[in-house]
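Enquirer: Here you go, one structure.
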Ligand SMILES: [Cu+2]
């Protein structure tokens, strides 16, 4: 059933997020209901995660729904950033184990790069 699989996906994503962000920052609490009323999507915005390890974003491409929050974590011992190629978002400096979250409120394809390592690329597809 569609609802069941959505809930399962949300649970899996949440579990995965908690697994590698033990101190999940409360600084940026999820905006209560960012999804538009016209959407048939579940009321609660989902969470997705991108890990930065070995000088690469994983997964390199992630697809989320409008209103979803993506949390990036730096698992490398060197600092990285998550900087949109169009400058629409920028994590700033992220030291080891730092996390940074961003809510993608508009559909689109967002390419980003690490400001320190120009060969590190990632993409967030928001549908
Ligand atoms: Cu980097």
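Enquirer: Output yes when any residue across segment 62-74 is surrounded by 14 or more Cβ atoms within 10 Å (Cβ to Cβ) and within 12 Å of the ligand (Cβ to nearest atom), and no when none is.
Expert: yes
Enquirer: Given the conditions (1) over 15 Å from residue 45 (Cα atoms); (2) touching a residue at least 24 places away in the same chain (Cβ under 8 Å); (3) surrounded by fewer than 14 Cβ atoms within 10 Å (Cβ to Cβ), and given that residue 92 satisfies all but one, which numbered condition is not satisfied?
Expert: (2)
Enquirer: Does residue 47 fit the bill of being modelled with pLDDT under 95 and more than 16 Å from the ligand (Cβ to nearest atom)?
Expert: yes
Enquirer: Hey, can you tell me all the residues within segment 114-127 that are under 21 Å from residue 46 (Cα atoms) and either surrounded by fewer than 19 Cβ atoms within 10 Å (Cβ to Cβ) or away from the ligand (no atom under 16 Å from the Cβ) (or both)?
Expert: Of everything in segment 114-127, those that are under 21 Å from residue 46 (Cα atoms) and either surrounded by fewer than 19 Cβ atoms within 10 Å (Cβ to Cβ) or away from the ligand (no atom under 16 Å from the Cβ) (or both) turn out to be 123, 124, 125, 126, 127.
Enquirer: Between residues in segment 56-81 that are on the phi > 0 side of the Ramachandran plot and without any contact (Cβ under 8 Å) to a residue 12 or more places away in the chain and residues that are more than 14 Å from the ligand (Cβ to nearest atom) and assigned to a loop (DSSP other than H, G, I, E, B), which pairs lie under 8 Å by C-beta distance while being six or more apart or on different chains?
Expert: Close Cβ pairs satisfying both conditions: none exist.
Enquirer: Something else about it: For segment 75-86, which residues satisfy the criterion of being farther than 14 Å from residue 124 by Cα, more than 15 Å from the chain's Cα centre (by Cα) and away from the ligand (no atom under 11 Å from the Cβ)?
Expert: Scanning segment 75-86 gives a single hit, 77.
Enquirer: Sort out which residues of segment 87-99 are within 14 Å of the ligand (Cβ to nearest atom) and under 18 Å from residue 53 (Cβ atoms), and write them in order of number.
Expert: Once the filter is applied, which keeps residues that are within 14 Å of the ligand (Cβ to nearest atom) and under 18 Å from residue 53 (Cβ atoms), segment 87-99 yields 91, 93, 94, 95, 96, 98.
Enquirer: Give the residues of segment 100-113 that are touching a residue at least 60 places away in the same chain (Cβ under 8 Å) and either within 11 Å of the ligand (Cβ to nearest atom) or more than 15 Å from residue 62 (Cβ to Cβ) (or both), sorted by residue number.
Expert: 105
Enquirer: Give the number of residues within segment 42-61 that are over 19 Å from residue 127 (Cα atoms) and surrounded by 13 or more Cβ atoms within 10 Å (Cβ to Cβ).
Expert: Selection size over segment 42-61: 7.
The values are calculated or read from the model by the stated rules, or taken from the named source; none is laboratory data. This is a predicted model, so every value here is computed, not measured. Please note: Cβ atoms are built from the backbone with ideal geometry, for glycine as well, and neighbour counts cover all protein chains shown.
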